[in-house]
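Novice: Quick one: the structure is below, questions incoming.
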Amino acid sequence: MSQIKQTQKSKTWREWLMTDSPSSRRQARLSSLYRSWLAFRANPMAMFGFSILVILLLIALFAPLISPHDPFAQNLAERLKPPSFDGYLLGSDSLGRDILSRLIYGSRITLYIVFLVALLAPIVGLFIGTAAGYLGGWVDSILMRITDIFLAFPRLVLALAFVSALGAGIENAVLAIVLTAWPPYARIARAETLSIRNADYIQAVKLQGASALRIITKHIWPLCISSLVIRVTLDMAGIIITAAGLGFLGLGAQPPSPEWGAMISSGRQFILDHWWVATMPGLAIFVVSLAFNLLGDGLRDVLDPKKGKQ
Amino acid sequence: MVTTQTTNNKNSKQSLPPWLLGISNTFFSILITMIGLLFITFLIGRVMPIDPVLSIVGESASQATYDAAYKELGLDKPILVQFFYFLRDVAHGDFGESLLTARPVFDDLLRVFPATLELATIGTIIGVVFGIPLGVIAAVKQGTWVDHLARFVALIGYSMPVFWIGLIGLLVFYGKLGWIGGPGRLDIYLVDLVPNVTGMILIDSLLAGDMDVFKNAISHIILPAGLLAYYSLAYISRMTRSFMLEQLDQEYITTARVKGLSESAVIWRHALGNVKVPLVTVIALSYAGLLEGSVLTETIFSWPGIGSYITTALLSADMNAVLGGTVVVGLVFVCLNIFSDLLYKYFDPRAK
């Protein structure tokens, strides 16, 4: 009985969401969200990427509960043990630390870096791009010139130089990646702004006496968000790989922190005899970047059907 | 075709040909971009926590010596004046001396750059030779296994850290199978056997006619160049595919088919002919990307190029070397961008 009731209820929910004539703004918004979700769910690769990332998030969240060993506990008697089911699942490193536990804790660092960069870089780009696009004139020329200069710089080399100037560490690595990653977002935001700044509704708001600041923040920013979100999801894999590269070169997270790139670097000297030390963290980076790439591709297909068809 | 030719001639009689005008415009923007690039590099050098004066006079110098050196370095001048001095030095090819090698950074850069160039060039050539056909076939056979393969190849390429797969490659092909030479450009007993002409060992050994060195150099370069090639292949095939899809939708393709042209002529001559122009830009960009991507690849393979020069300098706080390297990589990057812009204008009749 209750089951029937539930299916009926969910059916009506579905109908309510799929209606052609929404009766409120909230319904229209939820309905479009639901349709996007349906389209996204129909894409198996994107769902695959999405589930990996959900799992990663859970792993990071519950790291102390899942990890079989203390990621920092050294045990020199047990150093460089190969992967096995009854000792260390993924082997142990040169200080006898459990690689699996370190990978689990390392997921926190990876997510921390990715989300910080993915939050900051688009915001910087949004500020600069919308200001340039809306204000136009010399502001536009100067801001876009600066953007071009940063765009002309090779990103990894610039990030390297920045980190070496600021000093090694996670926060400085994040800062360096943000400093090199914002220009594409500024370009996107500017292009979006240019396409809407002469729209009738902007003119209407302007006639009502809204200031430039209000127009940009209340009426232009919301419309730039979706293209920025697509771009940032596609960029996340690149962010992970850049961050790991900095860690690998010893410029990101510092030991004994279980950052994946730094772990590869510490396994490098044992690669010929103890392959697992460097291989496992690399696999982790690969799986997570692949997941982000799949998710980004899927999101682009859903949110931006025009480009997805290509 | 004939009409465009004549209008072009008319224009060039009246004033400069438009593409030359374009060059003067681009020249101006190059200048600004390069000055900006140098300014950023200069600022990075300024915020460095290392005191340049102390590294010259030493820890135990008296205050007077310190002040004298401080003045001599121009550090008492306003920052813009200092930047001007920096520009002047760079224009003279003077990046200061490297702490590590105790030689002028400029000479070091001249020495290491050919190694990077060799690696990136071979990588790009392989990437172009395989990437373009893969992209074309993926576009023509959209939705078939070739298309999926191309997508898969690109996806893997975008998701794999180059420093990791390089290590694995060394482990498998050098450590386990012994098919290739290990890190470095040559086996140690072959180093310096051929005279250094271009700095690129493959060319130098051919010039000297020493096939042993040539073969050995090939066995060393094949893995790093192959890796770089994979990344460039992933990018080039992806872009080729989307350009081709765009062209295959056009009406002139239908016209060509209706005329009874063979399918291969339609695809490889008509469609690819029009894709050539944007592809040049993509190839130049990927080439520039490889020069940059070599930073990590070279570290893994102990390749004595500009990438490992910069990283070694970084780790020993050799700031002159880092800044010099950054400037050079940046300049090459900008030049390639501009070069591809110019090629675009040259090849595309609409841009003329």
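The values are calculated or read from the model by the stated rules, or taken from the named source; none is laboratory data. These figures come from a predicted structure and were not determined experimentally. Cβ placement follows ideal geometry from the backbone for every residue including glycine, while neighbour counts extend to all protein chains displayed.
Novice: Does any residue of segment A:77-92 turn out to be surrounded by fewer than 18 Cβ atoms within 10 Å (Cβ to Cβ) and under 16 Å from the mean Cα position of the chain (by Cα)?
Specialist: no
Novice: From A:L95, A:L53, A:L65, grab the single residue that is farther than 30 Å from A:E192 by Cα and surrounded by 15 or more Cβ atoms within 10 Å (Cβ to Cβ). It would help to see each step written out before you state the result.
Specialist: Numbers: A:L53 fails: farther than 30 Å from A:E192 by Cα; A:L65 fails: surrounded by 15 or more Cβ atoms within 10 Å (Cβ to Cβ).
Within the list A:L95, A:L53, A:L65, the selection yields A:L95.
Novice: When residues of segment A:21-60 are filtered for being over 30 Å from B:F152 (Cβ atoms) and of a type in the set (K, R), how many remain?
Specialist: The number of residues fulfilling the criteria is 3.
Novice: Now for a different question. For segment B:74-89, enumerate the residues that are among the hydrophobic types (A, V, I, L, M, F, W, C) and not in a helix (DSSP H, G or I).
Specialist: Residue satisfying the conditions is B:L75 alone.
Novice: Does segment A:198-220 contain any residue that is surrounded by 16 or more Cβ atoms within 10 Å (Cβ to Cβ) and polar (S, T, N, Q)?
Specialist: Scanning segment A:198-220 turns up no residue that is surrounded by 16 or more Cβ atoms within 10 Å (Cβ to Cβ) and polar (S, T, N, Q).
Novice: Okay, next question. State the number of residues belonging to segment B:158-184 that are in contact with a Phe, Trp or Tyr (Cβ under 7 Å, 6 or more places away or on another chain), over 13 Å from B:T297 (Cβ atoms) and at the interface with another protein chain (Cβ under 10 Å from one of its Cβ atoms).
Specialist: 3
Novice: Filter segment B:76-93 for residues that are within 25 Å of B:L109 (Cβ to Cβ) and either loosely packed, with under 15 Cβ neighbours inside 10 Å or at pLDDT below 80 (or both) and give the result.
Specialist: B:F84, B:Y85, B:R88, B:D89, B:A91, B:H92, B:G93
Novice: Quick one: which residue in A:S101, A:S32 is in contact with a His (Cβ under 7 Å, 6 or more places away or on another chain) and not in a loop (DSSP other than H, G, I, E, B)?
Specialist: Residue meeting the stated conditions: A:S101.
Novice: Moving on to the next point. Can you tell me which residue within segment B:236-267, out of those that are under 11 Å from B:L134 (Cα atoms) and either hydrophobic (A, V, I, L, M, F, W, C) or without any contact (Cβ under 8 Å) to a residue 40 or more places away in the chain (or both), is surrounded by the most Cβ atoms within 10 Å (Cβ to Cβ)?
Specialist: So the first thing to find is which residues in segment B:236-267 are under 11 Å from B:L134 (Cα atoms), and the list is B:236-241.
Cutting the leftovers down to either hydrophobic (A, V, I, L, M, F, W, C) or without any contact (Cβ under 8 Å) to a residue 40 or more places away in the chain (or both) gives us B:236, B:239.
On the way: B:I236: 26, B:M239: 22.
Across segment B:236-267, the extreme among qualifying residues is B:I236.
Novice: In segment A:141-183, what count of residues is obtained for those that are touching a residue at least 24 places away in the same chain (Cβ under 8 Å), more than 14 Å from chain B (Cβ to nearest Cβ) and either within 30 Å of A:I202 (Cα to Cα) or surrounded by fewer than 19 Cβ atoms within 10 Å (Cβ to Cβ) (or both)?
Specialist: 1
Novice: For segment A:187-306, give me every one of the helices (runs of 4 or more DSSP H) that falls completely inside it and has 1 or more residues that are touching an Asp or Glu at 6+ places or on another chain (Cβ under 9 Å) and within 14 Å of chain B (Cβ to nearest Cβ). Break it down into steps so the answer makes sense when it comes.
Specialist: On the way: elements: A:200-207, A:221-248, A:260-267, A:276-303.
Per the criteria, A:221-248, A:260-267, A:276-303.
Novice: Take the conditions out of contact with any strand residue (DSSP E or B) (no Cβ under 8 Å at 6 or more places or on another chain), buried (at least 17 other Cβ atoms within 10 Å of the Cβ), closer than 27 Å to A:F292 by Cα and at pLDDT 90 or above and apply them to B:L134. Does it pass?
Specialist: Taking the combined requirement at face value, the residue satisfies it.
Novice: Ok, one more. Suppose we filter A:L223, A:L299, A:L294, A:L246 for residues that are within 30 Å of A:A131 (Cα to Cα) and in contact (Cβ under 8 Å) with a residue 60 or more places away in the chain; which single one remains? So that I can check it myself, show each step before the final result.
Specialist: On the way: A:L223 fails: in contact (Cβ under 8 Å) with a residue 60 or more places away in the chain; A:L294 fails: within 30 Å of A:A131 (Cα to Cα); A:L246 fails: within 30 Å of A:A131 (Cα to Cα).
Selected residue: A:L299, the only one of A:L223, A:L299, A:L294, A:L246 that is within 30 Å of A:A131 (Cα to Cα) and in contact (Cβ under 8 Å) with a residue 60 or more places away in the chain.
Novice: Could you give me the residue pairs with C-beta distances under 7 Å whose first residue belongs to segment B:207-235 and is over 16 Å from B:T121 (Cα atoms) and in contact (Cβ under 8 Å) with a residue 24 or more places away in the chain, whose second residue is of a type in the set (D, E) and crowded, with 21+ Cβ neighbours inside 10 Å wherever it lies, and which are 6+ apart or on separate chains?
Specialist: Here the result reads none, with nothing in segment B:207-235 linked to a residue that is of a type in the set (D, E) and crowded, with 21+ Cβ neighbours inside 10 Å.
Novice: Further question: So which helices (runs of 4 or more DSSP H) are wholly in segment B:237-352 and hold at least 2 residues that are within 11 Å of another protein chain (Cβ to nearest Cβ)?
Specialist: Numbers: elements: B:251-258, B:272-301, B:306-315, B:319-347.
Answer list for segment B:237-352: B:272-301, B:306-315, B:319-347.
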